[in-house]
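Reviewing the structure listed below.
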Amino acid sequence: MELTPLVSVIVPCYNAEKFLTETLESVFSQTFQDLEVIVIDDGSTDNTPSVIRSFGSRIRANFGANRGASAARNQGTMLAKGKFIQYLDADDILTANALEKKVKALVNNDADIAYTDWQYLEEAKDGKFYLGKIVARKIEDVDANPQIALLTDFWAPPAALLYHCRIVEAIGSWNETLPIIQDARFLLDGALAGGKFIHVPGVQANYRVHITATSLSRRNLASFVRDCFHNACQVEEIWKANGGLTHKQRVALENVYGQTARFFFEYDRLKFSQVLAKIHHLNPQYQPSKPKALQQLSKWFGYEQAEAIALTYRRAKRIFAK
């Protein structure tokens, strides 16, 4: 299939009537105009379908039942004809030259994934949104190995990323088994598929943060932590199937499992036991690297008892803080 136009902008949306117009206008205001815009309505129950239709032939629209953002993005990808793919959440914004800079970076460096700096767009008590913290760092600032960095401590919103269609094809699809951290996993899948990353300096995306904390990860912390655990389990199996675990991979997995273990010790002891089994399989002498107090307690009393002491302290602190 001939790849035209050059960039496909895929926008999944669910009940996004308040922000979708601004998001789409940020696309149509791009200095780079060789593009198509595909909007997938994921079963919205508000006025989003009317907003979509108001753009007429400027966009390609698809309306379906609510199946989640990953399914919507997969649908959009199937419809895309571009050589490059820009996934864009329905409330985020591209700066005017975002596509131009990312396309040039991919072409000039024969890269697969371009990522830019980005800035929070934070909602205030008056209901208005104001520019907040700028996030400007490279993947290699976290770890020289993109797979390690993206599993552990590097994240960027879809608005800050541009994918070459060849890496999207290599990835295959968005992982619908991880509804909360799906965007982080898709980026990680790009690394697992051997993608070449290129950093584009400068803020090229605004990531909207709502005061009501409506993002999935904030709305349901337990689901977010479970996704992180299951993601690590899946990645561990992928690494094992591709030559076995290296020392750095083991340490990275220990760190992720350890972070989820702290949450589950307080809220889901059965899940904690599952996580602890994964940790001890990797390292029978496991001790957390942080926080330092927990590490020291683990040396004195063992890891599980250290978590019990730390939990007692946290609960007491909450009581006295009231």
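The values are calculated or read from the model by the stated rules, or taken from the named source; none is laboratory data. Please read these numbers as outputs of a predicted model, since none were measured by experiment. Methodologically, a virtual Cβ is constructed for each residue, glycine included, from the backbone with ideal geometry; neighbour enumeration extends over all protein chains shown. When the accessible area is computed, the model is the full protein with side chains, heavy atoms only, and any ligands, DNA or RNA have been set aside. Shrake-Rupley method; radii C 1.70, N 1.55, O 1.52, S 1.80 Å.
For the stretch 230-319, the relative contact order works out to 20 percent when only alpha carbon pairs closer than 8 Å and six or more residues apart are counted.
Segment residue 144..residue 305, full-extension length gain: 54.5 nm, with 0.36 nm per residue of separation and the alpha-carbon distance subtracted.
Ellipticity at 222 nm from helices only: DSSP H runs of n ≥ 4 in the chain, each -39500 (n - 2.57), divided by the residue count, give -14500 deg cm²/dmol. Within the stretch 112-233, the percentage of alpha carbon pairs spaced more than 23 angstrom apart rounds to 35%.
Placing unit charges on the Cβ atoms only, positive for Lys and Arg and negative for Asp and Glu, gives the stretch 234-299 a dipole magnitude near 220 debye about its Cα centre. Expressed as a whole number of Å, what is the distance separating the alpha-carbon centroids of the stretch 251-322 and the stretch 102-124? So the separation of the two Cα centres works out to 36 Å.
Once the chain from residue 266 to residue 222 is taken as fully extended at 0.36 nm per residue, the excess over their C-alpha distance is 14.7 nm. In a simple Cβ point-charge model (Lys, Arg +1; Asp, Glu -1; nothing else charged), the stretch 174-322 has a dipole of about 660 debye relative to its Cα centre.
Under the criterion of Cα pairs below 8 Å and six or more residues apart, the relative contact order for the stretch 82-194 equals 32 percent.
How tilted is helix 247-267 with respect to the longest principal axis of the chain? Cα atoms for both, answer in degrees (0 to 90, nearest 10). Orientation of helix 247-267: about 80 degrees from the principal axis. Based on the alpha-carbon gyration tensor of the stretch 165-286 and its eigenvalue square roots a ≥ b ≥ c, which shape applies: rounded if a/c is under 1.5, prolate if not and a/b is larger than b/c, or oblate? Here the stretch 165-286 falls in the oblate category. For the chain, the Cβ-based charge dipole about the Cα centre amounts to some 1120 debye (Lys, Arg positive; Asp, Glu negative; other atoms uncharged).
Listed cross-link partners 101/128; 133/292; 138/196; 81/104 are compared with a 23 Å cut-off, the Cα-Cα value being larger for 101/128; 133/292. Relative to the dominant Cα principal axis of the chain, helix 292-301 is inclined by about 40°.
Packing order of peptides 284-295, 132-143, 106-117, highest average first: 106-117, 132-143, 284-295 (average count of other Cβ atoms within 10 Å over each peptide's residues).
On full extension, the segment bounded by residue 317 and residue 60 gains 87.2 nm, given 0.36 nm per residue less the C-alpha separation.
Quick one: angle between helix 303-321 and the longest Cα principal axis of the chain, in degrees between 0 and 90, rounded to 10, please. Result, in degrees: 70.
Placing unit charges on the Cβ atoms of the charged side chains and taking the dipole of the chain about its Cα centre, the candidate lying farthest along the positive direction among 70, 151, 27 is 151. Rolling a 1.4 Å probe over the heavy atoms of the protein chains gives the stretch 107-171 an accessible area of 48 Å² per residue. Relative to its residue count, the stretch 1-140 spans a Cα convex hull of 133 Å³ per residue.
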